[in-house]
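Written below as C-alpha coordinates is the structure these notes are about.
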Amino acid sequence: MKVLVIGGGGREHALAWKLAQAEGVQQVFVAPGNAGTARDPALTNLDITDKTALRAWALAQGVALTVVGPEAPLAAGVVDEFRAHGLAIFGPTQAAAQLESSKAFSKAFMQRHGIPTAKYQTFTDPALAHAYVDAEGAPIVIKADGLAAGKGVVVAMSLAEAHEAIDFMLVDNTLGVVHNEGGARVVIEEFLTGEEASFIVLCDGENALALATSQDHKRLLDADQGPNTGGMGAYSPAPVVTPAVHERAMNEVILPTLRGMKADGIPYTGFLYAGLMITPDGQVKTLEFNCRMGDPETQPIMMRLRSNLAQVLLAATRGELDRTAIEWDPRVALGVVMAAAGYPLSPRKGDAITGLPADEADRMVFHAGTAAKAGEVQVSGGRVLCVTALAGSVADARERAYAVVDAIQFDGAQARRDIGYRAL
(Lines give C-alpha, C1' and ligand atoms only; values in the text may rest on other atoms or scores of the structure.)
Protein backbone atom coordinates (compact mmCIF):
# COMPACT_ATOMS: atom_id res chain seq x y z
CA MET A 1 0.00 0.00 0.00
CA LYS A 2 0.94 3.65 -0.39
CA VAL A 3 1.13 5.83 2.71
CA LEU A 4 1.25 9.62 2.95
CA VAL A 5 2.70 11.52 5.92
CA ILE A 6 1.76 15.21 6.08
CA GLY A 7 4.43 17.49 7.54
CA GLY A 8 8.12 18.27 7.33
CA GLY A 9 9.59 18.10 10.83
CA GLY A 10 11.37 15.61 13.04
CA ARG A 11 8.12 14.00 14.15
CA GLU A 12 7.16 13.35 10.53
CA HIS A 13 10.61 11.99 9.66
CA ALA A 14 10.31 9.49 12.53
CA LEU A 15 6.74 8.47 11.61
CA ALA A 16 7.65 8.03 7.93
CA TRP A 17 10.81 6.06 8.83
CA LYS A 18 8.77 3.64 10.95
CA LEU A 19 5.92 3.38 8.43
CA ALA A 20 8.42 2.48 5.68
CA GLN A 21 9.49 -0.56 7.75
CA ALA A 22 5.92 -1.88 8.02
CA GLU A 23 5.11 -5.07 6.15
CA GLY A 24 2.65 -4.34 3.35
CA VAL A 25 3.82 -0.76 2.82
CA GLN A 26 5.31 -0.27 -0.64
CA GLN A 27 5.86 3.48 -0.71
CA VAL A 28 5.84 6.31 1.84
CA PHE A 29 5.43 9.90 0.69
CA VAL A 30 6.20 12.88 2.94
CA ALA A 31 4.60 16.24 2.18
CA PRO A 32 6.67 18.36 2.12
CA GLY A 33 9.42 16.48 4.01
CA ASN A 34 12.93 17.78 4.65
CA ALA A 35 16.55 17.00 3.76
CA GLY A 36 16.50 13.92 6.00
CA THR A 37 13.49 12.34 4.37
CA ALA A 38 15.01 13.23 0.98
CA ARG A 39 18.15 11.25 1.89
CA ASP A 40 16.21 8.10 2.76
CA PRO A 41 15.67 5.88 -0.32
CA ALA A 42 12.54 4.40 1.32
CA LEU A 43 10.86 7.83 1.44
CA THR A 44 9.74 10.25 -1.28
CA ASN A 45 9.25 13.95 -0.66
CA LEU A 46 6.16 15.57 -2.15
CA ASP A 47 6.13 19.33 -2.67
CA ILE A 48 2.43 19.87 -1.91
CA THR A 49 1.04 21.54 1.22
CA ASP A 50 -2.43 22.75 0.18
CA LYS A 51 -5.04 20.42 1.66
CA THR A 52 -7.24 20.29 -1.45
CA ALA A 53 -4.29 19.57 -3.73
CA LEU A 54 -3.03 16.91 -1.31
CA ARG A 55 -6.44 15.24 -1.22
CA ALA A 56 -6.65 15.23 -5.02
CA TRP A 57 -3.15 13.75 -5.27
CA ALA A 58 -3.94 11.06 -2.66
CA LEU A 59 -7.10 10.06 -4.54
CA ALA A 60 -5.28 9.89 -7.86
CA GLN A 61 -2.44 7.83 -6.37
CA GLY A 62 -4.67 5.41 -4.46
CA VAL A 63 -3.13 6.25 -1.10
CA ALA A 64 -4.39 3.73 1.49
CA LEU A 65 -3.49 5.69 4.63
CA THR A 66 -2.63 9.30 5.43
CA VAL A 67 -1.08 10.30 8.75
CA VAL A 68 -1.07 13.95 9.84
CA GLY A 69 1.98 15.06 11.81
CA PRO A 70 1.77 18.77 12.73
CA GLU A 71 -1.00 20.87 14.22
CA ALA A 72 -1.48 23.49 11.50
CA PRO A 73 -3.01 21.17 8.83
CA LEU A 74 -5.32 19.70 11.50
CA ALA A 75 -6.52 23.15 12.53
CA ALA A 76 -7.05 23.92 8.83
CA GLY A 77 -9.36 20.90 8.41
CA VAL A 78 -7.24 18.49 6.35
CA VAL A 79 -8.90 15.48 8.02
CA ASP A 80 -12.37 16.76 7.11
CA GLU A 81 -11.23 17.29 3.51
CA PHE A 82 -9.84 13.75 3.13
CA ARG A 83 -12.74 12.02 4.86
CA ALA A 84 -15.28 13.85 2.71
CA HIS A 85 -13.75 11.99 -0.26
CA GLY A 86 -13.57 8.57 1.38
CA LEU A 87 -9.86 8.58 2.18
CA ALA A 88 -8.52 6.89 5.33
CA ILE A 89 -6.70 9.53 7.37
CA PHE A 90 -5.48 9.40 10.97
CA GLY A 91 -6.03 12.63 12.87
CA PRO A 92 -8.74 14.74 14.50
CA THR A 93 -11.28 16.84 12.61
CA GLN A 94 -10.97 20.62 12.58
CA ALA A 95 -13.55 20.90 15.37
CA ALA A 96 -11.82 18.28 17.53
CA ALA A 97 -8.41 19.88 16.94
CA GLN A 98 -9.59 22.88 18.96
CA LEU A 99 -8.33 20.93 21.97
CA GLU A 100 -4.92 22.19 20.86
CA SER A 101 -5.61 25.15 18.59
CA SER A 102 -7.55 27.00 21.31
CA LYS A 103 -6.27 26.95 24.88
CA ALA A 104 -9.51 28.68 25.92
CA PHE A 105 -11.62 25.91 24.31
CA SER A 106 -9.44 23.25 25.94
CA LYS A 107 -9.61 24.74 29.44
CA ALA A 108 -13.38 25.26 29.25
CA PHE A 109 -13.78 21.68 28.01
CA MET A 110 -11.73 20.29 30.91
CA GLN A 111 -13.68 22.33 33.43
CA ARG A 112 -17.00 21.24 31.95
CA HIS A 113 -16.12 17.53 31.96
CA GLY A 114 -14.31 17.33 35.29
CA ILE A 115 -10.83 16.68 33.92
CA PRO A 116 -8.19 17.72 36.49
CA THR A 117 -6.30 20.85 35.47
CA ALA A 118 -4.97 24.13 36.89
CA LYS A 119 -7.37 26.97 37.77
CA TYR A 120 -7.36 29.68 35.11
CA GLN A 121 -8.81 32.87 33.63
CA THR A 122 -8.96 34.01 29.99
CA PHE A 123 -8.23 37.57 28.83
CA THR A 124 -8.28 39.66 25.65
CA ASP A 125 -7.67 42.99 27.43
CA PRO A 126 -3.99 43.49 28.38
CA ALA A 127 -4.87 45.80 31.31
CA LEU A 128 -7.16 43.19 32.87
CA ALA A 129 -4.56 40.47 32.32
CA HIS A 130 -1.86 42.57 33.99
CA ALA A 131 -4.16 43.31 36.93
CA TYR A 132 -4.97 39.59 37.35
CA VAL A 133 -1.27 38.70 37.42
CA ASP A 134 -0.61 41.40 40.02
CA ALA A 135 -3.40 40.00 42.16
CA GLU A 136 -2.32 36.34 41.82
CA GLY A 137 1.44 36.82 42.06
CA ALA A 138 4.26 34.71 40.65
CA PRO A 139 5.15 32.04 39.66
CA ILE A 140 2.30 31.93 37.15
CA VAL A 141 1.75 30.50 33.65
CA ILE A 142 0.82 32.58 30.58
CA LYS A 143 -0.47 30.73 27.48
CA ALA A 144 -1.26 32.12 24.05
CA ASP A 145 -4.67 31.07 22.72
CA GLY A 146 -3.61 29.90 19.28
CA LEU A 147 -0.98 27.87 17.47
CA ALA A 148 2.56 28.85 18.42
CA ALA A 149 4.71 25.86 17.37
CA GLY A 150 5.23 24.78 20.97
CA LYS A 151 6.50 28.21 22.08
CA GLY A 152 3.23 29.80 23.23
CA VAL A 153 3.66 29.00 26.93
CA VAL A 154 5.66 31.11 29.37
CA VAL A 155 6.22 29.80 32.89
CA ALA A 156 6.85 33.15 34.57
CA MET A 157 8.85 32.87 37.77
CA SER A 158 8.55 36.62 38.42
CA LEU A 159 5.91 39.30 37.90
CA ALA A 160 8.20 41.05 35.41
CA GLU A 161 8.35 37.89 33.26
CA ALA A 162 4.57 37.50 33.45
CA HIS A 163 3.89 41.07 32.37
CA GLU A 164 6.41 40.76 29.52
CA ALA A 165 4.69 37.55 28.32
CA ILE A 166 1.27 39.23 28.31
CA ASP A 167 2.65 42.04 26.16
CA PHE A 168 4.39 39.53 23.86
CA MET A 169 1.11 37.66 23.30
CA LEU A 170 -1.57 40.36 23.45
CA VAL A 171 0.17 43.51 22.24
CA ASP A 172 3.01 42.91 19.78
CA ASN A 173 2.82 39.11 19.16
CA THR A 174 6.58 38.62 19.43
CA LEU A 175 6.04 34.84 19.58
CA GLY A 176 4.29 34.70 16.18
CA VAL A 177 1.08 33.15 17.49
CA VAL A 178 -1.59 32.29 14.91
CA HIS A 179 -4.58 33.87 16.64
CA ASN A 180 -8.00 32.27 16.69
CA GLU A 181 -11.21 33.99 15.66
CA GLY A 182 -11.76 37.06 17.81
CA GLY A 183 -8.09 38.06 17.89
CA ALA A 184 -5.37 37.80 20.50
CA ARG A 185 -6.26 36.07 23.76
CA VAL A 186 -4.32 34.59 26.66
CA VAL A 187 -5.07 31.95 29.26
CA ILE A 188 -3.45 32.63 32.63
CA GLU A 189 -3.09 29.60 34.90
CA GLU A 190 -1.92 28.78 38.39
CA PHE A 191 1.60 27.38 38.60
CA LEU A 192 1.66 23.65 39.38
CA THR A 193 4.57 21.85 41.03
CA GLY A 194 5.70 18.33 40.26
CA GLU A 195 7.26 16.46 37.36
CA GLU A 196 5.97 16.73 33.80
CA ALA A 197 5.41 13.76 31.51
CA SER A 198 4.08 13.29 27.99
CA PHE A 199 1.19 10.84 27.84
CA ILE A 200 0.32 10.05 24.22
CA VAL A 201 -2.47 7.76 23.04
CA LEU A 202 -4.13 6.70 19.82
CA CYS A 203 -7.89 7.38 19.64
CA ASP A 204 -10.61 6.06 17.34
CA GLY A 205 -13.54 8.07 18.71
CA GLU A 206 -14.48 5.44 21.30
CA ASN A 207 -11.28 3.72 22.41
CA ALA A 208 -7.78 4.79 23.38
CA LEU A 209 -4.53 2.82 23.11
CA ALA A 210 -1.58 4.22 25.05
CA LEU A 211 1.83 4.59 23.43
CA ALA A 212 5.08 4.15 25.33
CA THR A 213 5.59 6.80 27.99
CA SER A 214 8.07 9.61 27.45
CA GLN A 215 9.42 12.79 28.98
CA ASP A 216 10.33 16.00 27.18
CA HIS A 217 12.77 18.77 28.15
CA LYS A 218 11.15 22.12 27.30
CA ARG A 219 13.71 24.66 28.47
CA LEU A 220 16.56 25.69 26.19
CA LEU A 221 19.41 25.26 28.69
CA ASP A 222 20.72 22.59 31.06
CA ALA A 223 19.01 22.15 34.45
CA ASP A 224 15.76 23.44 32.94
CA GLN A 225 16.98 27.01 32.62
CA GLY A 226 16.33 29.54 29.86
CA PRO A 227 13.25 30.12 27.71
CA ASN A 228 10.63 27.52 26.83
CA THR A 229 11.11 25.84 23.45
CA GLY A 230 9.29 23.30 21.33
CA GLY A 231 11.43 20.66 23.09
CA MET A 232 15.17 20.09 23.40
CA GLY A 233 15.18 16.32 23.87
CA ALA A 234 13.18 13.40 25.19
CA TYR A 235 13.48 9.83 26.37
CA SER A 236 11.25 6.78 26.65
CA PRO A 237 10.12 5.15 28.89
CA ALA A 238 9.53 7.78 31.60
CA PRO A 239 10.02 6.30 35.10
CA VAL A 240 7.78 9.01 36.60
CA VAL A 241 4.80 7.37 34.87
CA THR A 242 4.42 4.47 37.28
CA PRO A 243 1.66 1.87 36.74
CA ALA A 244 -0.50 3.81 39.23
CA VAL A 245 0.08 7.12 37.41
CA HIS A 246 -0.62 5.40 34.07
CA GLU A 247 -3.96 4.14 35.40
CA ARG A 248 -4.90 7.58 36.73
CA ALA A 249 -3.95 9.23 33.43
CA MET A 250 -6.19 6.86 31.49
CA ASN A 251 -9.14 6.94 33.92
CA GLU A 252 -9.05 10.61 34.96
CA VAL A 253 -7.81 12.31 31.78
CA ILE A 254 -7.88 10.28 28.56
CA LEU A 255 -11.14 8.33 28.82
CA PRO A 256 -13.15 11.29 30.22
CA THR A 257 -11.80 13.37 27.32
CA LEU A 258 -13.00 10.82 24.76
CA ARG A 259 -16.41 10.59 26.46
CA GLY A 260 -16.65 14.38 26.72
CA MET A 261 -15.76 15.01 23.10
CA LYS A 262 -18.31 12.43 21.98
CA ALA A 263 -20.96 13.96 24.26
CA ASP A 264 -20.20 17.39 22.77
CA GLY A 265 -20.81 16.02 19.28
CA ILE A 266 -17.17 16.05 18.14
CA PRO A 267 -15.77 12.51 18.52
CA TYR A 268 -12.00 12.51 18.86
CA THR A 269 -9.82 10.46 16.51
CA GLY A 270 -6.06 10.63 16.02
CA PHE A 271 -3.08 11.09 18.30
CA LEU A 272 -3.94 12.73 21.62
CA TYR A 273 -1.08 14.10 23.69
CA ALA A 274 -1.83 15.01 27.29
CA GLY A 275 0.92 17.04 28.91
CA LEU A 276 0.64 15.95 32.52
CA MET A 277 1.93 17.36 35.79
CA ILE A 278 2.48 14.56 38.27
CA THR A 279 2.42 16.04 41.75
CA PRO A 280 4.66 14.78 44.58
CA ASP A 281 1.70 12.86 46.08
CA GLY A 282 0.93 11.08 42.77
CA GLN A 283 -1.98 13.24 41.62
CA VAL A 284 -2.28 13.90 37.88
CA LYS A 285 -3.25 17.27 36.40
CA THR A 286 -3.55 18.17 32.72
CA LEU A 287 -1.28 21.01 31.60
CA GLU A 288 -2.40 20.96 27.97
CA PHE A 289 -3.64 18.83 25.12
CA ASN A 290 -1.91 18.47 21.78
CA CYS A 291 -3.76 16.87 18.87
CA ARG A 292 -0.69 15.16 17.46
CA MET A 293 2.35 13.33 18.69
CA GLY A 294 4.94 15.38 20.51
CA ASP A 295 8.21 16.44 18.96
CA PRO A 296 10.80 15.33 20.12
CA GLU A 297 8.90 12.54 21.97
CA THR A 298 7.95 10.85 18.68
CA GLN A 299 11.55 10.07 17.82
CA PRO A 300 12.35 7.92 20.89
CA ILE A 301 8.87 6.36 20.85
CA MET A 302 9.21 5.30 17.21
CA MET A 303 12.68 3.86 17.93
CA ARG A 304 11.07 1.56 20.53
CA LEU A 305 8.03 0.54 18.48
CA ARG A 306 8.11 -3.08 17.26
CA SER A 307 4.57 -3.36 15.88
CA ASN A 308 3.44 -2.66 12.32
CA LEU A 309 2.59 1.06 12.60
CA ALA A 310 0.59 1.14 9.37
CA GLN A 311 -1.71 -1.67 10.52
CA VAL A 312 -2.17 -0.10 13.97
CA LEU A 313 -3.15 3.26 12.47
CA LEU A 314 -5.45 1.65 9.89
CA ALA A 315 -7.19 -0.19 12.75
CA ALA A 316 -7.67 3.18 14.44
CA THR A 317 -9.29 4.68 11.33
CA ARG A 318 -11.74 1.73 11.39
CA GLY A 319 -12.65 2.09 15.07
CA GLU A 320 -10.86 -1.15 16.01
CA LEU A 321 -8.39 -0.01 18.69
CA ASP A 322 -10.15 -2.13 21.31
CA ARG A 323 -8.91 -5.17 19.38
CA THR A 324 -5.39 -3.86 18.79
CA ALA A 325 -2.17 -4.26 20.79
CA ILE A 326 1.27 -2.69 20.46
CA GLU A 327 4.65 -4.30 21.17
CA TRP A 328 7.58 -2.25 22.48
CA ASP A 329 11.33 -2.76 22.63
CA PRO A 330 12.19 -2.95 26.36
CA ARG A 331 15.30 -0.83 25.86
CA VAL A 332 15.56 2.93 26.47
CA ALA A 333 15.49 5.41 23.59
CA LEU A 334 16.85 8.92 24.09
CA GLY A 335 16.86 11.85 21.66
CA VAL A 336 18.92 15.05 21.81
CA VAL A 337 17.77 18.06 19.79
CA MET A 338 20.33 20.21 18.00
CA ALA A 339 18.92 23.70 17.48
CA ALA A 340 19.93 26.63 15.31
CA ALA A 341 21.84 29.69 16.45
CA GLY A 342 19.36 32.20 17.90
CA TYR A 343 16.65 29.63 18.67
CA PRO A 344 13.92 29.99 19.96
CA LEU A 345 13.21 33.69 19.22
CA SER A 346 15.26 34.29 16.06
CA PRO A 347 16.76 31.09 14.60
CA ARG A 348 19.39 31.64 11.94
CA LYS A 349 18.98 29.79 8.65
CA GLY A 350 21.42 28.78 5.93
CA ASP A 351 24.27 27.31 8.00
CA ALA A 352 25.80 24.19 6.40
CA ILE A 353 25.56 20.93 8.35
CA THR A 354 28.43 18.43 8.22
CA GLY A 355 29.29 15.17 9.97
CA LEU A 356 25.92 13.49 9.48
CA PRO A 357 26.35 9.73 9.96
CA ALA A 358 24.71 6.89 8.06
CA ASP A 359 21.40 5.70 9.48
CA GLU A 360 21.47 2.71 11.84
CA ALA A 361 18.58 0.68 13.24
CA ASP A 362 19.40 1.69 16.81
CA ARG A 363 20.87 5.14 16.21
CA MET A 364 19.14 7.64 13.95
CA VAL A 365 19.46 11.31 13.15
CA PHE A 366 15.94 12.56 12.51
CA HIS A 367 15.81 15.82 10.57
CA ALA A 368 13.49 18.72 11.37
CA GLY A 369 14.65 22.16 10.21
CA THR A 370 16.84 21.07 7.31
CA ALA A 371 16.85 21.65 3.56
CA ALA A 372 19.04 20.38 0.72
CA LYS A 373 20.53 23.37 -1.09
CA ALA A 374 23.59 23.88 -3.29
CA GLY A 375 24.67 20.30 -2.81
CA GLU A 376 24.70 20.48 1.00
CA VAL A 377 22.34 20.04 3.92
CA GLN A 378 21.51 23.41 5.48
CA VAL A 379 19.70 24.70 8.55
CA SER A 380 16.18 25.83 7.60
CA GLY A 381 14.41 26.06 10.97
CA GLY A 382 14.77 26.42 14.73
CA ARG A 383 15.08 22.82 15.81
CA VAL A 384 17.36 21.24 13.26
CA LEU A 385 18.03 17.59 14.18
CA CYS A 386 17.11 15.03 16.84
CA VAL A 387 19.89 12.51 17.42
CA THR A 388 18.21 9.42 18.86
CA ALA A 389 19.79 6.25 20.25
CA LEU A 390 18.50 2.97 21.65
CA ALA A 391 20.37 1.14 24.42
CA GLY A 392 19.94 -0.98 27.53
CA SER A 393 19.96 1.96 29.96
CA VAL A 394 19.38 5.72 30.03
CA ALA A 395 23.09 6.29 30.59
CA ASP A 396 24.12 4.14 27.61
CA ALA A 397 21.48 5.63 25.30
CA ARG A 398 22.60 9.11 26.30
CA GLU A 399 26.28 8.32 25.72
CA ARG A 400 25.53 6.92 22.25
CA ALA A 401 23.40 9.92 21.29
CA TYR A 402 25.90 12.53 22.47
CA ALA A 403 28.73 10.81 20.60
CA VAL A 404 26.84 11.58 17.38
CA VAL A 405 25.87 15.09 18.52
CA ASP A 406 29.54 15.87 19.06
CA ALA A 407 30.41 14.69 15.53
CA ILE A 408 27.79 16.85 13.77
CA GLN A 409 28.81 20.42 13.04
CA PHE A 410 27.00 23.62 12.08
CA ASP A 411 27.72 27.19 13.15
CA GLY A 412 25.99 28.25 16.33
CA ALA A 413 24.55 24.80 17.10
CA GLN A 414 22.79 24.56 20.46
CA ALA A 415 22.17 21.33 22.40
CA ARG A 416 21.46 20.58 26.02
CA ARG A 417 23.95 18.26 27.67
CA ASP A 418 21.64 16.80 30.32
CA ILE A 419 18.83 15.06 28.44
CA GLY A 420 17.47 12.22 30.57
CA TYR A 421 18.91 13.57 33.83
CA ARG A 422 15.69 12.92 35.77
CA ALA A 423 15.89 9.20 35.00
CA LEU A 424 19.53 8.78 36.03
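Residues that are modelled with pLDDT of 95 or more, under 24 Å from ALA340 (Cα atoms) and not in a strand (DSSP E or B): does the range 240-255 have at least one? Looking through the range 240-255, none of the residues is modelled with pLDDT of 95 or more, under 24 Å from ALA340 (Cα atoms) and not in a strand (DSSP E or B). Residue count for the range 267-288 satisfying the condition of being over 19 Å from the mean Cα position of the chain (by Cα), open to solvent by 10 Å² or more (accessible area, probe 1.4 Å) and either under 15 Å from PRO256 (Cα atoms) or among the acidic types (Asp, Glu) (or both): 2. Taken as a whole, the condition of being surrounded by 20 or more Cβ atoms within 10 Å (Cβ to Cβ), acidic (Asp, Glu) and modelled with pLDDT under 95 applies to GLU71.
Scanning the range 313-341 for residues that are open to solvent by 10 Å² or more (accessible area, probe 1.4 Å) and of a type in the set (Val, Ile, Thr), we see that the one that is farthest from GLY24 (Cα to Cα) is VAL332. Somewhere in the range 211-233, is a residue in contact with a helix residue (DSSP H, G or I) (Cβ under 7 Å, 6 or more places away or on another chain), under 27 Å from GLY335 (Cβ atoms) and in a strand (DSSP E or B)? Within the range 211-233, one or more residues are in contact with a helix residue (DSSP H, G or I) (Cβ under 7 Å, 6 or more places away or on another chain), under 27 Å from GLY335 (Cβ atoms) and in a strand (DSSP E or B).
Residue-by-condition table, conditions (1) at pLDDT 95 or above; (2) closer than 16 Å to ALA96 by Cβ; (3) in contact with a His (Cβ under 9 Å, 6 or more places away or on another chain); (4) basic (Lys, Arg):
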position: ALA274; (1), (2), (3), (4): yes, yes, no, no
position: ASP295; (1), (2), (3), (4): yes, no, no, no
position: ALA316; (1), (2), (3), (4): yes, yes, no, no
position: TRP328; (1), (2), (3), (4): yes, no, no, no
position: LEU334; (1), (2), (3), (4): yes, no, no, no
position: VAL337; (1), (2), (3), (4): yes, no, yes, no
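Step by step: first the residues of the range 40-63, then only those that are touching a residue at least 12 places away in the same chain (Cβ under 8 Å) and of a type in the set (D, E, K, R), then the one that is farthest from ALA88 (Cα to Cα). Which residue is that? Among those that are touching a residue at least 12 places away in the same chain (Cβ under 8 Å) and of a type in the set (D, E, K, R), it is ASP40.
Please indicate, with yes or no, whether at least one residue in the range 350-365 is among the hydroxyl-bearing types (Ser, Thr, Tyr) and open to solvent by less than 40 Å² (accessible area, probe 1.4 Å).
Quick first cut of the range 350-365, residues among the hydroxyl-bearing types (Ser, Thr, Tyr) only: 354.
Next, from what is left, pick out any that are open to solvent by less than 40 Å² (accessible area, probe 1.4 Å): none.
Checked against the condition, which is being among the hydroxyl-bearing types (Ser, Thr, Tyr) and open to solvent by less than 40 Å² (accessible area, probe 1.4 Å), the range 350-365 yields no hits at all.
The residues of the range 378-424 that are β-branched (Val, Ile, Thr) and under 15 Å from ARG348 (Cα atoms), listed by number, are VAL379, VAL384. Screening ARG417 with (1) basic (Lys, Arg); (2) buried (at least 16 other Cβ atoms within 10 Å of the Cβ); (3) out of contact with any Leu (no Cβ under 6 Å at 6 or more places or on another chain) gives one miss only, at (2).
The residue that is surrounded by the most Cβ atoms within 10 Å (Cβ to Cβ), among those in the range 191-209 that are among the charged types (D, E, K, R) and modelled with pLDDT of 95 or more, is ASP204.
Selection of the range 131-147 for residues being out of contact with any Ser or Thr (no Cβ under 7 Å at 6 or more places or on another chain), touching a residue at least 40 places away in the same chain (Cβ under 8 Å) and not small (Gly, Ala, Ser) yields TYR132, VAL133, GLU136, PRO139, ILE140, VAL141, ILE142, LYS143.
Hey, among the residues in the range 218-237 that are out of contact with any Asp or Glu (no Cβ under 6 Å at 6 or more places or on another chain) and open to solvent by less than 10 Å² (accessible area, probe 1.4 Å), which one's nearest to ASN290 (Cα to Cα)? Ranking the candidates gives GLY230 first. Just a yes or no: is a residue in the range 288-296 among the charged types (D, E, K, R), in a loop (DSSP other than H, G, I, E, B) and within 30 Å of ALA374 (Cβ to Cβ)? There is at least one residue in the range 288-296 that is among the charged types (D, E, K, R), in a loop (DSSP other than H, G, I, E, B) and within 30 Å of ALA374 (Cβ to Cβ). Inside the range 366-395, residues that are surrounded by fewer than 23 Cβ atoms within 10 Å (Cβ to Cβ), more than 23 Å from ALA423 (Cα to Cα) and among the polar types (S, T, N, Q) make up a count of 2.
The values are calculated or read from the model by the stated rules, or taken from the named source; none is laboratory data. What you see is a predicted model, and the numbers here were worked out from it, not measured in a lab. Reconstructed Cβ throughout: ideal geometry from the backbone, glycine too, with neighbour counts over all protein chains shown. Each accessible area value is taken on the protein alone, full model and side chains, heavy atoms only, with ligands, DNA and RNA left out. Shrake-Rupley method; radii C 1.70, N 1.55, O 1.52, S 1.80 Å.
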